[in-house]
Every structure is written in structure tokens, then in C-alpha cells.
Amino acid sequence: MDRKVRQFSAGVHDLALRIVWCAKYRRPVLGGRVAERLDELLRAKAEERGWEIITLEVMPDHVHLFVKHDPKSSASYVANQFKGFTSRVLREEFPHLKSRMPTLWSSSYFAASVGAVSVTTVQKYIDTQWERPSKKGERS
């Protein structure tokens with residue numbers, strides 16, 4: 001994946017999340033036409049919000065999503081935008097999802113930030129700041 005920095009009014013960013021969420025009770029209801037439609041809906045929501053889906057896998061009982069997002073959107077906001085929108089539309093279009101489960105998605109999700117450098121690299125960079133020469137030749 002190429003690193004693509006995006007600009008906004010207050011700066012630049014390169015933010016990405018790995019999000020995983022499950023169907024209620026881990027029921028395998030995300031197959032066939034439901035899976036196809038879920039894929040379409042997730043891509044439509046990302047486009048609407050200006051987010052970029054890097055990778056998406058719809059499994060029978062859960063979803064894996066790798067998405068780049070804007071700096072004003074928290075991980076919980078991103079996850080809930082995808083989950084809420086898709087639940088509403090899929091349950092309207094596929095009535096069997098209403099009759100088999102009280103809600104489509106489990107209330108929980110997993111989210112992890114994904115960066116271009118490791119935690120160790122960032123920690124080392126910060127820890128060695130005083131060892132680096134400053135631009136003016138002295139420490140402030």
C-alpha cells in the first residue's frame with residue numbers, strides 16, 4: 001500500500017483503522033446476496049463520508065474492514081456509521097434478518113489504528129529527541 005497523505009484545513013493526515021464486528025450471536029447470516037449487498041453498502045457509506053476502503057472481507061458471521069478516514073472521525077464514529085447504516089438497510093431489504101435476530105450486529109466491535117511505522121519506531125524517535133541536533137544548533 002502506498003502512503004498517501006491527505007490535506008485538510010488544519011494540517012495533513014494519514015489515518016487508517018482495522019475494524020472487525022460480528023453478527024448478533026455470531027450467526028452465519030452474511031452469505032450470498034446479503035454479503036454482496038453488505039459490500040455495496042459499506043463502499044457507498046465510505047464514499048459518502050470521503051473515506052477510502054483499502055480492504056474489505058465479509059465472512060459468514062463477521063466483517064473485516066481496513067479503512068482510511070478523516071481526522072475528525074473517531075474509531076467509534078467510523079464503526080458505528082458502517083454498522084448503523086448497514087443494519088438498517090439490510091434488515092429492510094432482507095426480512096429474514098429481522099425474524100431471526102433482534103438486531104443485525106453485536107453491540108461490540110474491535111478497532112485498531114494502523115500506521116506506517118511500528119510502535120517501537122515511534123518510541124525510539126521520541127526517546128532520542130534530545131540526542132538530535134536542533135535546527136538552530138541548540139536545545140530550547
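In table form, for the structure just shown:
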{"quantity": "Which label in (i) 2, 10, 18, 24, 22, 15, 7, 2, 0; (ii) 2, 10, 18, 22, 17, 12, 8, 6, 3, 1, 0; (iii) 2, 8, 17, 18, 15, 11, 8, 6, 5, 3, 3, 2, 1, 0, 0 gives the computed P(r) over Cα pairs in 5 Å bins from 0, in percent", "calculated": "(iii)"}
{"quantity": "Order of T55, T86 under a 10 Å beta carbon neighbour criterion, fewest first", "calculated": "T55, T86"}
{"quantity": "Proximal lysine pairs, the chain, alpha carbons under 18 Å, eight or more residues apart or interchain", "calculated": "9"}
{"quantity": "Helix-only mean residue ellipticity at 222 nm for the chain, each DSSP H run of n ≥ 4 adding -39500 (n - 2.57), per residue, nearest 500", "calculated": "-11500 deg cm²/dmol"}
{"quantity": "Relative contact order of the chain, defined on C-alpha pairs under 8 angstrom at six or more residues apart (%)", "calculated": "31 percent"}
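No value in this document is a laboratory result; all are computed from the given coordinates. Being a predicted model, the structure only gives us computed values, none of them experimental. We place every Cβ from the backbone using ideal geometry, glycine too, and count neighbours over all the protein chains shown.
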